1. Can you tell me which residues in segment C:106-129 are touching a residue at least 40 places away in the same chain (Cβ under 8 Å) and either within 16 Å of the ligand (Cβ to nearest atom) or buried (at least 20 other Cβ atoms within 10 Å of the Cβ) (or both)?
2. Among the residues in segment B:325-336, are any under 22 Å from the mean Cα position of the chain (by Cα) and either more than 30 Å from B:Gly43 (Cα to Cα) or in contact (Cβ under 8 Å) with a residue 40 or more places away in the chain (or both)?
3. Considering only segment C:141-155, how many residues are open to solvent by 30 Å² or more (accessible area, probe 1.4 Å) and within 14 Å of the chain's Cα centre (by Cα)?
4. Restricting to segment C:77-91, and then to whatever is at the interface with chain B (Cβ under 9 Å from one of its Cβ atoms) and either small (Gly, Ala, Ser) or out of contact with any helix residue (DSSP H, G or I) (no Cβ under 8 Å at 6 or more places or on another chain) (or both), can you tell me which residue is farthest from the ligand (Cβ to nearest atom)?
5. Across segment B:299-331, which residue is farthest from the other protein chains (Cβ to nearest Cβ) among those that are among the hydrophobic types (A, V, I, L, M, F, W, C) and under 17 Å from B:Glu247 (Cα atoms)?
6. Going by the structure shown, is C:Arg68 more than 9 Å from chain B (Cβ to nearest Cβ), away from the ligand (no atom under 16 Å from the Cβ) and buried (at least 17 other Cβ atoms within 10 Å of the Cβ)?
7. In segment C:71-95, how many are touching a Lys or Arg at 6+ places or on another chain (Cβ under 9 Å) and open to solvent by 10 Å² or more (accessible area, probe 1.4 Å)?
8. Whether any residue in segment C:101-122 is modelled with pLDDT of 85 or more, away from every other protein chain (no Cβ under 11 Å), more than 17 Å from the chain's Cα centre (by Cα) and not in a helix (DSSP H, G or I) is what I want to check.
Amino acid sequence: MSQVSLSREEAIIGQLKARFPEAIEETKIDRARRVTIHFEKDHVQEIAMFMRDELGFDHVKGVAGVDLPTQKKIEVLYFAGSYSNAEVQDFIVILKAKLPRDNPIIASVVSVWESAHFHERETFEMFGVKFEGHPDLRKLLTLDNWEGPPPMLKDIKFPEMGQR
Amino acid sequence: MTTEPPSPGISISKTAEPSTLDVSVGPQHPGSGHCRILIRVDGDYIVSADPDIGYVHRGCEKIAEYRNYVSNIPHLERPNIADAIHLNWGYVLPIEELQGVVVPPRGKYISTIAAEMNRIMSHLYGLAIMQGVFSGHTTIFMWAFGDRDLFIELAEMLTGARLTYSFLVPGGPRRDLPFGFEDRLSRLLDYFEKRLVEYDRIFFSNPSVIARAKGIGVLKREDAKKLGVVGPVLRASGVKYDVRKVEPYGAYADLEFDIPTFEEGDSYSRYLIRFEEMKQSVRIIRQALEKIPKGPIARKAPLVAPEGEATGRVESSRGEITYLVMGDNSDKPSRVKIMNGSFRNLIALPFLVRNVHVADMPIIYGSLDYWPVEADR
Amino acid sequence: MSQDTLQDFAGVWIGKMSELVQTIIGSGPIKYIVNWSRMYALWPVHITTACCSAEFGAMMGPRLDPERFGMQAVAGGLRQCDLLIVEGTVTKKMAKRLKIVYEQMPKPRYVIAMGDCACSGGLFHDSYSIVNDVHKLFPIDVYVPGCPPRPEALLSAIVKLREKIRRQEVFA
Ligand code: SF4
């Protein structure tokens with residue numbers, strides 16, 4: 001794998017870094033066609049806009065949350081992909097932002113990527129992440145009067161169901 | 001969302017305009033279960049729709065965190081039982097990437113054959129129920145289900161189960177092709193190709209089907225890109241995007257096949273695209289049976305995955321499935337995230353049913369081939 | 001005779017009449033005729049709770065053809081149905097609706113629990129949104145284990161249920 005040229009991946013990272021020198025915290029090329037970018041959470045909409053308009057990443061494949069209880073953080077992941085730009089069609093760019101665990105708030109990207117609508121709702125429900133500016137942030141999957149904590153957090157256990 | 005979704009719950013007294021009415025479709029309705037769509041109608045037209053899903057939400061992602069890698073396979077393929085092998089494969093790919101295991105070529109070919117058989121079965125299921133029954137066509141239901149059973153028999157011969165195969169584990173498939181399998185499969189494909197012509201005559205060229213589905217629920221190319229729909233729904237809108245081509249996995253890089261696309265983006269072209277894909281699947285299986293190399297089928301893979309994360313994706317019958325698997329040096333994943341076709345296509349439903357007749361909603365719903373269990377996980 | 005006593009009189013008589021009818025129907029050949037006709041009119045509700053529905057579809061297909069046992073493929077409304085097949089996992093969200101569906105069905109009604117999930121929780125027994133004890137929602141006549149059960153197993157459950165109906169009392 002190491003022989004494969006990673007110039008396209010580096011080009012994307014280079015463009016993002018040139019545009020947002022302070023917002024991009026860390027970048028990583030996982031392998032060919034996979035790029036991970038850690039960014040500062042306040043810049044999510046600008047970065048999304050740049051990705052869509054300049055780089056051609058016109059949709060998100062999903063929005064995921066990852067709970068990191070040891071660091072007291074919740075990470076939000078955006079899996080951006082492209083249909084229109086043939087150059088980067090095979091890429092998945094993973095944008096990651098870390099939010100504080102006790103008050104996870106981030107701006108919604110629905111105004112940029114409409115495809116994030118249901119994914120953000122799901123992440124809100126499963127991790128309690130509030131997406132500010134989301135047009136319709138309601139519970140989606142769990143019981144309609146689910147009152148418990150967001151179920152996907154690591155320290156939430158359901159002992160009555162026999163979980164360890 | 002471009003429309004204003006109605007408030008949750010049925011609130012007939014609180015409708016926005018005096019002429020509108022909120023109707024709850026599901027979870028028990030003649031078409032299908034496990035999904036409720038709250039629609040607001042004005043006369044015979046749908047003003048807006050609000051899908052209320054989650055009736056089959058079983059917490060797969062949470063369960064995956066406290067079972068180990070291999071025992072996760074059975075429950076992660078349950079979300080789409082008609083398409084089990086793709087869900088299985090999508091989960092196994094990132095684990096193999098984390099562990100650095102490379103599947104031997106014969107294993108890749110066997111997985112490809114099984115996956116394409118599964119694609120045919122899944123499309124036949126969709127043709128029978130989602131497209132046949134929903135447009136009131138019972139003959140195609142009987143025909144497609146009868147032929148699907150023939151494929152199921154062969155899948156049972158290969159994997160040992162009718163629908164829930166758990167066939168791929170990290171390292172490769174569980175079994176080699178059984179004795180006499182190739183012969184039976186190629187005879188079945190001969191039969192199936194003849195049947196496809198008859199399907200065309202009875203269903204796809206049927207004037208009543210064309211009258212019901214043509215021009216209904218048009219998803220334009222720009223909208224399809226913007227909404228991020230996947231799979232047949234995307235390709236019926238004219239976007240040529242298929243994971244088998246853009247990021248070949250398995251044996252797809254060695255095989256020749258086309259990606260059918262249509263420009264119209266209406267329900268009828270979404271019906272047709274699955275029909276064309278079945279033809280391509282037949283072509284792929286034929287080639288794979290011819291080219292399959294000799295050798296080992298699987299490598300030994302460790303039960304533990306190192307720290308790190310990997311994203312793998314496959315093209316299932318309902319579109320691209322992306323799995324994120326995070327390992328933490330133990331035998332259990334620390335996070336599994338599933339992004340599948342049904343959940344991503346769900347957004348097209350409220351978009352498409354606006355300003356259509358209530359009677360057209362089943363057609364549009366069926367043409368999306370939405371599988372509620374997959375979307376809910 | 002005053003109005004009240006007339007009503008009492010009629011009430012007693014109507015009660016007696018219905019008892020009489022019940023005894024006539026509940027005994028002898030009429031009972032068998034009633035049960036026989038019920039046996040051949042098992043219409044399932046079309047509510048699919050989870051993935052077992054794929055095998056339910058296969059059972060409804062041309063291979064096994066349950067219509068020879070009088071099962072109609074898709075009945076229109078709940079009021080025409082007398083068989084509820086719980087096709088797999090019942091989530092907490094679905095359990096509420098399932099109970100409503102069951103209560104809306106006319107009597108006599110029968111329930112088949114299909115799949116490990118509906119029998120005892122099955123593969124997802126430790127999930128946070130699952131109802132493991134479906135039998136607490138309503139009584140279940142036949143259990144069909146398997147994940148998913150083969151369509152033949154479901155058909156044999158229906159044959160078993162018919163056997164049960166054949167022997168039952170008319171007014172249970
Ligand atoms: S028993 Fe198996 S197939 Fe049936 S609903 Fe449960 S998990 Fe799905």
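1. As a first pass, look at segment C:106-129 and keep what is touching a residue at least 40 places away in the same chain (Cβ under 8 Å): C:108, C:110, C:112, C:114-115, C:117-118.
Passing the criteria: C:Tyr110, C:Ile112, C:Met114, C:Gly115, C:Cys117, C:Ala118.
2. Step one: list which residues in segment B:325-336 are under 22 Å from the mean Cα position of the chain (by Cα), which gives B:325, B:336.
When the remaining residues are screened for being either more than 30 Å from B:Gly43 (Cα to Cα) or in contact (Cβ under 8 Å) with a residue 40 or more places away in the chain (or both), the result is B:325, B:336.
There is at least one residue in segment B:325-336 that is under 22 Å from the mean Cα position of the chain (by Cα) and either more than 30 Å from B:Gly43 (Cα to Cα) or in contact (Cβ under 8 Å) with a residue 40 or more places away in the chain (or both).
3. Within segment C:141-155, the subset open to solvent by 30 Å² or more (accessible area, probe 1.4 Å) is C:141, C:143, C:145, C:147, C:150, C:152-153.
Keeping just the survivors that are within 14 Å of the chain's Cα centre (by Cα) gives C:141, C:143.
So the count comes out to 2.
4. Pass one, segment C:77-91, residues at the interface with chain B (Cβ under 9 Å from one of its Cβ atoms): C:77-78, C:87-89, C:91.
Within this subset, residues satisfying the condition of being either small (Gly, Ala, Ser) or out of contact with any helix residue (DSSP H, G or I) (no Cβ under 8 Å at 6 or more places or on another chain) (or both) are C:77, C:88, C:91.
Numbers: C:Gly77: 25, C:Gly88: 2, C:Thr91: 11 Å.
Checked segment C:77-91; the qualifying residue farthest from the ligand (Cβ to nearest atom) is C:Gly77.
5. Of segment B:299-331, the ones among the hydrophobic types (A, V, I, L, M, F, W, C) are B:301, B:303-305, B:310, B:314, B:321, B:324-326.
In the following step, the residues that additionally are under 17 Å from B:Glu247 (Cα atoms) were identified as B:310, B:314, B:321, B:324.
Working: B:Ala310: 7, B:Val314: 13, B:Ile321: 10, B:Leu324: 6 Å.
Ranking the candidates gives B:Val314 first.
6. Numbers: more than 9 Å from chain B (Cβ to nearest Cβ): yes; away from the ligand (no atom under 16 Å from the Cβ): yes; buried (at least 17 other Cβ atoms within 10 Å of the Cβ): no.
Here the answer is no, as C:Arg68 does not meet what is asked.
7. Residues that pass the stated criteria total 1.
8. No, every residue in segment C:101-122 fails to be modelled with pLDDT of 85 or more, away from every other protein chain (no Cβ under 11 Å), more than 17 Å from the chain's Cα centre (by Cα) and not in a helix (DSSP H, G or I).
The values are calculated or read from the model by the stated rules, or taken from the named source; none is laboratory data. Bear in mind the structure is a predicted one, so any value in this text is a computation, not a measurement. Backbone-built Cβ (ideal geometry, glycine too); neighbour counts: all protein chains shown. We work out accessible area using only protein heavy atoms, side chains counted, and drop any ligands, DNA or RNA first. Shrake-Rupley method; radii C 1.70, N 1.55, O 1.52, S 1.80 Å.
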